[in-house]
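The next block holds one structure in the form of structure tokens; read it before the comments.
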Amino acid sequence: MTVEFVHISGGVTLLGGGAVAADDLQSALTIAPRLIAADGGGDRALELGTMPEAVIGDMDSLSAAARARLAGRIHEIAEQDSTDFGKCLTHVRAEFYLALGFTGLRLDHTLATLNEVAQRAGQRILLIGEEDVIFRAPEALALDLPPGARFSIFPFGRVAGRSEGLRWPIDGLELTPDGRVGTSNEVVGAVRLWLSGPALILLPKPHLPAALSALALR
């Protein structure tokens with residue numbers, strides 16, 4: 001049986017040890033004020049002047065100094081079958097997750113994070129990166145974005161569907177990670193998307209409010 005360390009009514013901000021801007025963290029905390037760190041994200045939280053209520057992970061990257069300051073808040077999970085991000089998503093129950101510091105720096109970590117989001121259809125997860133906001137596409141999605149905005153679809157399996165409001169419609173196409181993908185499309189009107197299969201949506205970070213509204217996170 002999975003042990004859930006934290007139960008949260010509403011959203012939670014998850015912080016990793018990757019690239020994160022202080023302003024982005026503060027913005028996330030205004031939406032989801034409870035903060036959980038993933039392993040080395042404990043160091044990042046302290047560097048940014050915040051105190052996470054819990055640190056979850058295998059603790060292979062949390063510094064000794066941070067361990068001392070975060071004593072009593074650490075939940076160490078030794079298994080190596082999941083990432084620290086995955087451990088947080090498994091052991092923290094919340095209505096939605098805003099995740100920062102899980103992209104940038106090491107590419108293998110970023111890829112593992114994207115894979116984690118793609119697999120978790122039952123959880124509403126929004127990644128906030130250096131340039132993008134990223135989330136798994138629901139079966140039906142409506143987004144109001146300005147004309148010319150970049151709109152990318154990246155499949156994590158076989159994906160089919162139809163679209164409205166994109167310069168290059170996806171109707172009749174099959175998207176696959178080792179074949180045709182849907183990156184660098186462009187908004188020309190109100191975006192409506194219907195998809196079958198696991199796919200991530202990537203938008204420029206200034207469109208975070210639109211992503212939050214589309215996923216009913218605010």
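For residues that are within 28 Å of Gly122 (Cβ to Cβ) and among the small types (Gly, Ala, Ser), scanning just segment 68-86, find the one that is surrounded by the most Cβ atoms within 10 Å (Cβ to Cβ). Talk me through it step by step, then tell me what you get.
Quick first cut of segment 68-86, residues within 28 Å of Gly122 (Cβ to Cβ) only: 73-86.
If we keep only those that are among the small types (Gly, Ala, Ser) as well, we get 78, 82, 86.
Working: Ala78: 8, Ser82: 16, Gly86: 20.
The selected residue is Gly86.
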Legend entry - Test set (1) within 28 Å of Pro206 (Cα to Cα); (2) crowded, with 23+ Cβ neighbours inside 10 Å - Leu48 fails condition number: (2)
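For segment 186-201, enumerate the residues that are assigned to a strand (DSSP E or B) and under 18 Å from Pro138 (Cα atoms). Lay out the reasoning, then the answer.
Initial filter on segment 186-201 (assigned to a strand (DSSP E or B)): 186-196, 199-201.
Listed by number, the residues that qualify are Ala190, Val191, Arg192, Leu193, Trp194, Leu195, Ser196, Ala199, Leu200, Ile201.
State whether the residues of segment 156-174 include one that is among the charged types (D, E, K, R) and touching a helix residue (DSSP H, G or I) at 6+ places or on another chain (Cβ under 8 Å).
Initial filter on segment 156-174 (among the charged types (D, E, K, R)): 158, 162, 164, 167, 171, 174.
Among the residues that remain, those that are also touching a helix residue (DSSP H, G or I) at 6+ places or on another chain (Cβ under 8 Å) are: none.
No.
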Inset, instruction - Return the pairs, sorted by first residue and then second, in which the second residue is of a type in the set (D, E, K, R) and in a helix (DSSP H, G or I), the first residue lies in segment 89-109 and is assigned by TED's automatic domain parsing to the domain that holds Leu46, the beta carbons are less than 6 Å apart, and the residues are 6+ apart or on different chains. - result: Leu100/Asp24; Gly101/Arg44
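Being farther than 19 Å from Glu116 by Cβ and touching a residue at least 12 places away in the same chain (Cβ under 8 Å) is the filter here, so list the residues in segment 9-34 that pass it.
So in segment 9-34, the residues farther than 19 Å from Glu116 by Cβ come out as 9-10, 21-27, 29-31, 33-34.
Passing the criteria: Ser9, Gly10, Ala21, Ala22, Asp24, Leu25, Ser27, Leu29, Ile31, Pro33, Arg34.
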Inset, instruction - Go through the residues of segment 164-179 one by one and say whether even a single one is touching a residue at least 24 places away in the same chain (Cβ under 8 Å), surrounded by 13 or more Cβ atoms within 10 Å (Cβ to Cβ) and hydroxyl-bearing (Ser, Thr, Tyr). - result: no
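For segment 143-177, give me each residue that is in a strand (DSSP E or B), over 19 Å from the mean Cα position of the chain (by Cα) and of a type outside the set (S, T, N, Q).
If we filter segment 143-177 for residues that are in a strand (DSSP E or B), which is where we start, we get 143, 150-155, 159-166, 174-175.
Imposing the further condition that a residue be over 19 Å from the mean Cα position of the chain (by Cα) reduces the set to 159-166, 174-175.
Scanning segment 143-177 gives Val159, Ala160, Gly161, Arg162, Glu164, Gly165, Leu166, Glu174, Leu175.
Here is a yes/no grid of residues against (1) within 18 Å of Arg120 (Cα to Cα); (2) crowded, with 23+ Cβ neighbours inside 10 Å; (3) of a type in the set (A, V, I, L, M, F, W, C):
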position: Ser9; (1), (2), (3): no, no, no
position: Leu14; (1), (2), (3): yes, yes, yes
position: Val20; (1), (2), (3): no, yes, yes
position: Leu25; (1), (2), (3): no, no, yes
position: Ala38; (1), (2), (3): yes, yes, yes
position: Gly42; (1), (2), (3): no, yes, no
position: Asp60; (1), (2), (3): no, no, no
position: Ala66; (1), (2), (3): no, yes, yes
position: Cys88; (1), (2), (3): yes, yes, yes
Inset, instruction - Pull up segment 202-218, narrow it to residues that are at pLDDT 95 or above and outside any helix (DSSP H, G or I), then point me to the one that is surrounded by the fewest Cβ atoms within 10 Å (Cβ to Cβ). - result: Pro204
Legend entry - Residue list for segment 29-84, restricted to those being among the small types (Gly, Ala, Ser), farther than 16 Å from Leu14 by Cβ and in contact with a strand residue (DSSP E or B) (Cβ under 9 Å, 6 or more places away or on another chain): Ala66
Legend entry - Yes/no for Val159 being within 25 Å of Ala94 (Cβ to Cβ) and either out of contact with any Asp or Glu (no Cβ under 8 Å at 6 or more places or on another chain) or free of Cβ contacts under 8 Å to residues at least 60 places away in the same chain (or both): no
Inset, instruction - Could you list all residues from segment 91-149 that are small (Gly, Ala, Ser), farther than 25 Å from Gln26 by Cβ and modelled with pLDDT of 95 or more? - result: Ala118, Ala137, Ala140, Ala142, Gly148
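For segment 1-50, how many residues are in a helix (DSSP H, G or I) and over 14 Å from the mean Cα position of the chain (by Cα)?
Taking segment 1-50 first, the residues in a helix (DSSP H, G or I) are 22-31, 41-47.
This time we only want the ones that are over 14 Å from the mean Cα position of the chain (by Cα), so: 22-23, 26-27, 29-31, 41-47.
Adding up the residues that qualify gives 14.
The values are calculated or read from the model by the stated rules, or taken from the named source; none is laboratory data. What you see is a predicted model; the values in this text were computed from it and never measured. Glycine also receives a Cβ, built like all others from the backbone with ideal geometry; neighbour counts cover every protein chain displayed.
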